[in-house]
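Asks: Questions regarding the structure given below will be posed in turn.
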Amino acid sequence: MKKVGLIMGSDSDLPIVEKAVAILKEFGIEYEAHVYSAHRTPKEVDDFTSNAYDNGFGVIIAFAGMAAHLAGAVAARTVLPVIGVPCKSSNLDGLDALLSTVQMPTGIPVATVAINGGANAALVAAQIIGVEDKGLYSKLKEKRVVDAEKVLKKDADVASKL
Ligand code: RP5
């Protein structure tokens, strides 16, 4: 099975990265996580990303806040699918990172999830890898059933209370 690469611009993004890691662990997907910044350590971003396909990665998730150029810098260096997670910072509530991540020029796509959407980013990564992995595909379908059952349980609880 292909691995998922997780790159965060700063260790201050860790709480959002941990949401993704929880999902990847749930599905038994191998991953590797790094703190590499588009601005502070561009050489490491370049080295990791340029060699990611040869090193067994199938998807890269990039997490960054503020002037969040990381996902775009990664996408410029690989044709692996890149998922961008805009991380909320203190001043602009993550809107800065959302726009910096999502507004990519034609030809260099970044599949951008919601602000702080670490869990959905990992689910998209799992779905990409699951296309060629029947076991993982089945687990993803099973999770949808389990999640729906949880909502229906809440429905029954609320209906009985009101
Ligand atoms: C971004 O700047 C990082 O991804 C982080 O979200 C933000 C702030 O970084 P620190 O100043 O906390 O290291 O590059």
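The values are calculated or read from the model by the stated rules, or taken from the named source; none is laboratory data. On a predicted model such as this, the values are computed, not experimentally measured, just so you know. Here the Cβ is made from the backbone with ideal geometry for all residues, glycine too, and neighbour counts use every protein chain on show. Each accessible area value is taken on the protein alone, full model and side chains, heavy atoms only, with ligands, DNA and RNA left out. Shrake-Rupley method; radii C 1.70, N 1.55, O 1.52, S 1.80 Å.
Asks: Would you kindly derive the ³J(HN,Hα) couplings of segment 118-123 from the backbone phi angles with the Karplus curve 6.51 cos²θ - 1.76 cosθ + 1.60 (θ = phi - 60°), listing them in order in whole Hz, with x for Gly and Pro?
Replies: For segment 118-123, the Karplus-derived couplings read x, 5, 5, 4, 5, 5 Hz, x marking Gly and Pro.
Asks: Which one of LYS19, LYS88, LYS139 has the biggest mean-square fluctuation once the chain is modelled by GNM with Cα springs under 10 Å?
Replies: LYS139
Asks: If you don't mind, there's one more thing I want to ask. Peptides 57-68, 142-153, 30-41: what's the order by average Cβ count within 10 Å, highest mean first?
Replies: 57-68, 30-41, 142-153
Asks: In segment 1-108, if the dipole is taken from +1 on Lys/Arg beta carbons and -1 on Asp/Glu beta carbons about the Cα centre, which of THR41, GLY84, ALA20 is farthest to the positive end?
Replies: It is GLY84, whose Cα lies furthest towards the positive end.
Asks: Is the shape of the chain rounded, prolate or oblate, going by the alpha carbon gyration tensor and its root eigenvalues a ≥ b ≥ c, with a/c under 1.5 for rounded and a/b larger than b/c for prolate?
Replies: It is oblate, given that a/c is not under 1.5 and a/b is not larger than b/c.
Asks: Same structure again: Taking a ≥ b ≥ c as the square roots of the eigenvalues of the Cα gyration tensor of segment 72-162, is the shape rounded (a/c under 1.5), prolate (a/b larger than b/c) or oblate?
Replies: Numbers: a/c = 4.01, a/b = 1.43, b/c = 2.80.
Taking the square roots of the gyration eigenvalues as a ≥ b ≥ c, segment 72-162 is oblate.
Asks: Classify segment 51-105: rounded, prolate or oblate, from the alpha-carbon gyration tensor (a ≥ b ≥ c, eigenvalue square roots; a/c under 1.5 rounded; otherwise prolate if a/b is larger than b/c)?
Replies: Verdict is prolate for segment 51-105.
Asks: So what is the accessible area of the chain per residue, in Å², with the probe set to 1.4 Å?
Replies: Numbers: 9130 Å² over 162 residues.
Counting only protein heavy atoms, the per-residue value for the chain is 56 Å².
Asks: Distance cut-off 30 Å, Cα to Cα: go down the list LYS19/LYS150; LYS25/LYS88; LYS25/LYS161; LYS19/LYS134; LYS88/LYS134 and report the pairs above it.
Replies: Violating the 30 Å limit, Cα to Cα: LYS25/LYS161; LYS88/LYS134.
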